[in-house]
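Visitor: Pasting a structure below so you can have a look.
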Amino acid sequence: MLVAKSFLLSSLLWLPLVAADLAPTGTLRAVFLGSNPVQGRVDPQTKAVTGPVADLVKELAGRLHIPYALIPAADARHVIETLNAHTADIGFLAFDPSRAEEVDFSRPYAVMYNTYLVRADSSIHKAADVDAKGVRVGTVKGRTQEIYLSSH
């Protein structure tokens with residue numbers, strides 16, 4: 001029991017150092033893709049943010065005993081620019097090797113399982129069918145799916 005109390009006390013003593021390093025302004029500022037409902041939703045009237053990013057940032061700030069601010073960004077470029085300008089402390093983006101040249105990534109907080117949407121009369125019946133020679137897949141340029149498919 002004494003070991004557990006000692007560990008807890010030493011852990012609590014590190015919180016101010018972690019908070020100061022992670023959030024030098026005293027507020028944990030988090031930027032995310034404001035138009036991505038997988039990350040969060042911004043209420044148009046109240047501007048309140050709900051969703052996974054809001055929950056994660058609230059929990060982290062609570063553990064650090066500091067306030068937090070959520071910053072919706074228009075696109076991935078804006079997320080990176082906000083981080084590099086030091087007007088946000090953490091950001092939320094899907095991993096992309098070209099983005100990793102500008103910012104560091106942690107382990108993922110969410111794993112998305114994507115698949116393909118095809119017509120009923122398509123020869124593609126399962127995801128593995130896409131790997132056949134001559135099959136072309138359309139995606140939105142610059143989105144995670146296109147980045148992955150282009151590199152694989």
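None of the figures in this text is laboratory data; all of them are computed from the coordinates on show. Computed from a prediction, not measured in an experiment: that's the story for all the values here.
Visitor: Tilt of helix 2-22 relative to the longest C-alpha principal axis of the chain, in degrees (0 to 90, nearest 10)?
Guide: Compared with the principal axis, the helix lies near 70 degrees.
Visitor: May I pose another question? Based on the Cα atoms of segment 113-152, what semi-axes does the equivalent ellipsoid have, where each is the square root of 5 times one gyration tensor eigenvalue, given in whole Å with the largest first? Mind dumping the intermediate values first?
Guide: Details: eigenvalues 68, 26, 17 Å².
They are 18, 11, 9 Å, listed from largest to smallest.
Visitor: Please list, ordered by chain and number, the residues whose modelled amide H lies under 5 Å from the amide H of Leu33; skip anything fewer than 5 residues away on the same chain.
Guide: Ala73, Phe92
Visitor: Express the relative contact order of the chain as a whole percentage, based on alpha carbon pairs under 8 Å and six or more residues apart in sequence. Numbers along the way, then the final one.
Guide: Values: 151 pairs, mean separation 30.8, N = 152.
Relative contact order here is 20 percent.
Visitor: Report ³J(HN,Hα) in whole Hz for each residue of segment 145-152, in order, from the Karplus equation J = 6.51 cos²θ - 1.76 cosθ + 1.60 where θ = phi - 60°; Gly and Pro get x.
Guide: Along segment 145-152, the couplings run 4, 5, 4, 5, 5, 5, 8, 10 Hz.
Visitor: Mind listing the long-range amide H neighbours of Leu28? Cut-off is under 5 Å, sequence gap 5 or more, other chains count too, H placed in the peptide plane at 1.01 Å from N.
Guide: Tyr68, Ala69
Visitor: Write down the Kirkwood hydrodynamic radius of segment 25-94, to one decimal in angstroms, obtained as one divided by the mean of 1/r over all alpha carbon pairs. The partial results should precede the final answer.
Guide: Numbers: mean 1/r = 0.0834 Å⁻¹.
Final number for the Kirkwood radius of segment 25-94 is 12.0 Å.
Visitor: Based only on Cα atoms, what Rg/Rh ratio does segment 70-152 have, Rh being taken as Kirkwood's radius? Provide the component values of the computation, followed by the final result.
Guide: Details: Rg = 16.4 Å, Rh = 15.3 Å.
Radius of gyration over Kirkwood radius for segment 70-152 works out to 1.07.
Visitor: A follow-up question, please. Tell me, what HN-Hα J-couplings in whole Hz come from the Karplus equation 6.51 cos²θ - 1.76 cosθ + 1.60 at θ = phi - 60° for each residue of segment 85-100, using x for Gly and Pro?
Guide: 7, 6, 9, 9, 9, 9, x, 10, 8, 6, 5, 8, x, 5, 5, 5
Visitor: Over all Cα pairs of the chain, how is the pair count split among 5 Å bins, expressed in % and running from 0 up to the last occupied bin?
Guide: 1, 8, 14, 16, 15, 12, 10, 8, 6, 4, 3, 1, 1, 0
Visitor: Turning to a different aspect of this structure: With angles folded into 0 to 90 degrees, how steeply does helix 52-64 sit against the dominant principal axis of the chain? Use alpha carbons for both and round to 10.
Guide: 20
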